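Report on the structure given below.
What follows is calculated from the coordinates using simple rules that are stated; it is not laboratory data. This is a predicted model, so every value here is computed, not measured. In this analysis, Cβ positions are derived from the backbone assuming ideal geometry, glycine residues included, and neighbour counts consider all displayed protein chains.
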Amino acid sequence: MKHVWMNGRMVKWEDATVHVSSPVVNSGLGVFEGIRAYWSKEKSQLYIFRLKEHVERLFFSSKVHRMKIRFSKKQVENAITETVRRNGYREDVYIRPLVFRGGMWRTPETPIEVVVFVMPTPRPERMKRMKNGVRCCVSSWRRIPDAVMPARVKTCGNYVNSHIASMEAEAAGYDGAIFLTVNGRLSEGSGANIFLVKHGILVTPGVTSDILEGITRETLLTDGARELGIEVCERDVDRTELYAADEVFLCGTGQEITPVVSVDHIAIGSGKVGSLTRKIQKWFFEIVEGKQAKHLSWLTPVYG
Ligand code: PMP
């Protein structure tokens, strides 16, 4: 991680700093994105997955927080690609664009800072979770309701909610937490959307269940379901439907397609990774590695 893009220029990693007075430090007032790029050995290429959609959401998040980005969407897309390229990665990476107010006060003079940094994400560790699945609990914490914090926006401060739930889950020996809404319906994971499989149908909470409207979720609900011939259903989901499900998985940029093999120590289905989850994983990885010609438009090649 040598080069960080900051407000239009590349700076050294150690020089990419934020002032202590910024509200992003003091109140979590900032917005961000999480984007992955996948290394294809076969094509000797690094592909950024759905860059355009992530940048679109970054601008939406900034708009909700009344932060006007001084760069165009295209400029931010280029900045992201250039930052990955300049660091010369030839492996999977996670990309983090961040937008925040660079000064203490929310005045028109306070600059809106835009930063992009990148980190490598070794495949073996991730593949272990995806192969074996994870053990989750339903958190005693509830997902932030949209009436309190903008749940569908990637606001930095929202993620205190995620951290507090994950820390509780890990302290109790689980791999991760699942959130209910304040009304007790299923919402999502601590940093990923959630799907259930019941009688061959993919079920996921709707967009009014205080979820982040995930790009991976949308990918599965539309093209994924159509191409794999799976029926989908977006609706309110009860907690006990988790225990009754044949399969459960988390999906998102961070979690990719991670099977959940137990919830609250109750085995999901047979307690092993389900066949539909495997099918979806296979479909997803073929796409992100550029093996599906019809979805190449979702990929931004970094090199060449
Ligand atoms: N929910 C939350 C709270 C998240 O942080 C993420 C990761 N961005 C997701 C869902 C999944 O969204 P996406 O597929 O766009 O990464």
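In terms of other Cβ atoms within 10 Å, Cys136, Cys233, Cys156 run from fewest to most in the order Cys233, Cys156, Cys136. As a calculated quantity, the FRET efficiency between Val182 and Tyr303 at R0 = 45 Å, using C-beta atoms, amounts to about 0.45. Taking 7 Å steps out from each Cα toward its Cβ at Val25 and Tyr243 produces label points 4.7 nm apart. Here the contact order of the chain, divided by its residue count and restricted to Cα pairs under 8 Å and six or more residues apart, works out to 20 percent.
Once both labels are positioned 7 Å from their Cα atoms along Cα-to-Cβ, the gap between Trp13 and Lys43 label points is 2.8 nm.
Separation of segment 52-85 and segment 92-153, taken as the distance between their Cα centroids, equals 15 angstrom. Helix-only arithmetic for the chain: the sum of -39500 (n - 2.57) across DSSP H runs with n ≥ 4, divided by the residue total, places the mean residue ellipticity at 222 nm at -8000 deg cm²/dmol. Derived scalar couplings between HN and Hα for segment 12-24 equal 5, 3, 6, 9, 7, 10, 10, 6, 4, 7, 5, x, 5 Hz in order, rounded to whole Hz, by the Karplus curve 6.51 cos²θ - 1.76 cosθ + 1.60 (θ = phi - 60°), x for Gly and Pro. For Arg278 and Lys2, the difference between the fully extended length at 0.36 nm per residue and the C-alpha to C-alpha distance is 95.7 nm. Give the Debye-formula value of log10 I(q)/I(0) at each listed q (0.29 Å⁻¹), with one equal scatterer per alpha carbon of segment 236-297, two decimals each. Log10 of I(q)/I(0), two decimals: -1.20.
Using Cβ point charges alone (K and R +1, D and E -1), the dipole size of the chain about the Cα centre works out to roughly 840 debye. Could you calculate the FRET efficiency of Val160 with Met119 from 1/(1 + (r/R0)^6), where r is the beta carbon distance between them and R0 is 30 Å, rounded to 0.05? That gives a FRET efficiency of 0.90.
For the pair Glu234 and Glu170, label points projected 7 Å from Cα toward Cβ lie 3.2 nm apart. For segment 3-121, dividing the convex hull volume of the Cα atoms by the residue count gives 97 Å³ per residue. For Leu29, nonlocal amide neighbours, meaning residues 5 or more places apart or on other chains whose placed amide H falls under 5 Å from its own, are Val24.
Taking Cα centroids, how far is segment 235-273 from segment 166-225 in Å? If we compute the Cα centre of each part, the gap is 9 Å.
Compared with the direct C-alpha span, the chain from Val207 to Asp223 gains 4.0 nm at full extension, assuming 0.36 nm per residue. Of the trypsin sites (Lys or Arg not before Pro) found in segment 164-265, those that fall in a DSSP loop while having at most 15 other beta-carbon atoms within 10 Å are Arg235, Arg239. Length gained on full extension, Glu286 to Met149: 45.7 nm, using 0.36 nm per residue less the C-alpha separation. Each of Ile95, Ile201 was scored by other Cβ atoms within 10 Å of its Cβ. Listed from fewest to most, they are Ile201, Ile95.
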